[in-house]
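Quick notes on the structure that follows.
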Amino acid sequence: MILDSTFVHDVLRANSDAIERLAELRDSETPVALSALTVFEVGVGLREESAQYRAEFDEHADGLVVLPVTETVARRAIAIQHDLLDRGQRIGARDVLIAGTAVGSPDPRVLTRNVDEFARVDGLEVKRY
């Protein structure tokens, strides 16, 4: 299961729903990973008043598998975005790359609060917390 940026942000800010879901994932030993794009997206946001979360984020990220954004992922994301554009349902570039990472992984699930965009992607199972 890929953890989306919204989930990571909420864990860092001690959102009770995210913390509870994280505990459930740990208890069930569900394998989780981050897209390298999530590392970028969250990391960019950890500045100014949010910089206080940087060390905690680094600690969490260091303990997880980080899936790279490869040429294969990029090409898969292109195909996803073309399909969405044909349906008039475009999603953001970062989200489509995260979706492309998840769809090609052994576990095509994304845990997110951003259900609206990810739910448009065929072959992706979207989990909410």
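Order Asp17, Asp95 by their accessible area, 1.4 angstrom probe, all chains in place, largest first.
Largest accessible area first, the list is Asp17, Asp95.
With 5 Å bins from zero, work out the P(r) of the stretch 30-100 over every alpha carbon pair and list the percent per bin.
It works out to 4, 15, 21, 18, 16, 13, 8, 4, 0, in whole percents.
Could you tell me, in Å, what Rg and Dmax come out for the Cα atoms of the chain?
14.3, 42
Could you tell me how many degrees, from 0 to 90 and to the nearest 10, lie between the Cα long axis of helix 16-27 and the main elongation axis, the longest principal axis, of the Cα atoms of the chain?
Its long axis makes an angle of about 90 degrees.
Carbon and sulfur together cover what percent of the accessible area of the chain at a 1.4 Å probe radius?
The computed percentage sits at 50.
Hey, how many Å between the Cα centroid of the stretch 38-96 and the Cα centroid of the stretch 10-24?
Distance between centres, Cα-based: 19 Å.
With every protein chain left in place, what is the accessible area per residue of the stretch 32-129 in square angstrom, probe 1.4 Å?
Heavy-atom accessible area per residue stands at 56 Å².
Taking the Cα centre of the chain as origin and charging only Cβ (+1 Lys, Arg; -1 Asp, Glu), how large is the dipole, in debye to the nearest 20? Intermediate results must be reported in sequence, preceding the final value.
On the way: 15 positive and 23 negative charges, 78 e Å.
Dipole of the chain, to the nearest 20 debye: 380 debye.
The values are calculated or read from the model by the stated rules, or taken from the named source; none is laboratory data. Keep in mind that this is a model prediction, so the values were computed, not measured. So basically every Cβ, Gly included, is an ideal-geometry build from the backbone, and we count neighbours across all protein chains shown. With ligands, DNA and RNA removed, areas are computed over all heavy atoms of the protein, side chains included. Shrake-Rupley method; radii C 1.70, N 1.55, O 1.52, S 1.80 Å.
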